[in-house]
Amino acid sequence: MKKIIVILGLVASFMFVMPMSVKAAAFVDNDGDGVYENDSAISVGRYGSVAAGDMTWTYSDEEAGEKTWTISFDVTSGYNYVYFTLVPSFITIDSVSVSSGSNYVLANQTSSSNGTVVFFESTSGGKLELTVVTTDTADEGCLLNISPLNLDCSVSIPGYYFDDNGKSITEEEYNQVCGNTTPDNPQDIPNSPDTGSVVPYIAIGGGLVAIAAVYLLSRKSNKVFKI
């Protein structure tokens with residue numbers, strides 16, 4: 001019991017530290033002009049990084065705490081799909097859209113407990129620029145950060161399929177590479193590997209049952225005879 005409590009404590013501590021590590025890359029306001037700066041860029045994982053000067057915001061409605069963010073970066077060559085989470089800190093994310101002139105389109109957007117998960121698609125790669133509208137929920141510490149995500153077999157995006165290396169594949173390839181090999185119904189009888197038929201299994205099973213029945217009957221007959 002004590003070991004279980006220790007394990008649960010470690011898991012809870014890990015879950016508490018993870019969001020803080022994401023927010024540690026928070027930008028600092030530069031003299032209140034809405035431009036955030038940091039010595040290092042924000043990583044977007046395998047897709048590249050956002051330079052300090054390429055993440056800016058301005059108040060679209062200061063009284064209501066509404067901000068418009070612009071996030072721009074050059075995606076690493078070869079990635080026509082970009083996938084990450086927008087992580088809010090004391091803000092709500094109202095909308096996400098791709099800015100005009102970007103080579104990408106917003107193909108999917110979902111909300112999660114950690115923020116807003118966005119998935120972008122492009123036929124040519126290159127520059128990705130998005131506009132995010134947020135509303136402050138506190139007087140200070142209202143920031144927006146990025147948490148990298150990887151595309152693999154476990155990612156579920158309607159109409160899109162990826163292998164564990166993040167390569168785009170067809171639905172048929174996905175079912176072969178990533179599909180669950182466990183039968184949907186555990187009661188299903190497997191096919192014979194040689195003939196594809198269940199008949200041999202039934203015949204063998206029936207024969208064994210018949211042999212066992214004959215053996216038991218013969219022993220019973222012998223006992224009756226001896227009496």
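Each value in this text was obtained by applying a stated rule to the coordinates, not by laboratory testing. The structure displayed is predicted, hence computed values, not measured ones. Note that each Cβ is placed from the backbone with ideal geometry, even for glycine, and that neighbours are counted across all protein chains shown.
Here are the numbers for the structure shown:
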| item | result |
| --- | --- |
| Amide H contacts of V98 (H built 1.01 Å from N, under 5 Å, at least 5 apart or other chain) | L106, T131 |
| Gain on full stretching of the segment that runs from A64 to T92 - 0.36 nm per residue minus C-alpha separation | 8.9 nm |
| Residue order, fewest to most surrounding Cβ atoms within 10 angstrom, among S72, S112 | S112, S72 |
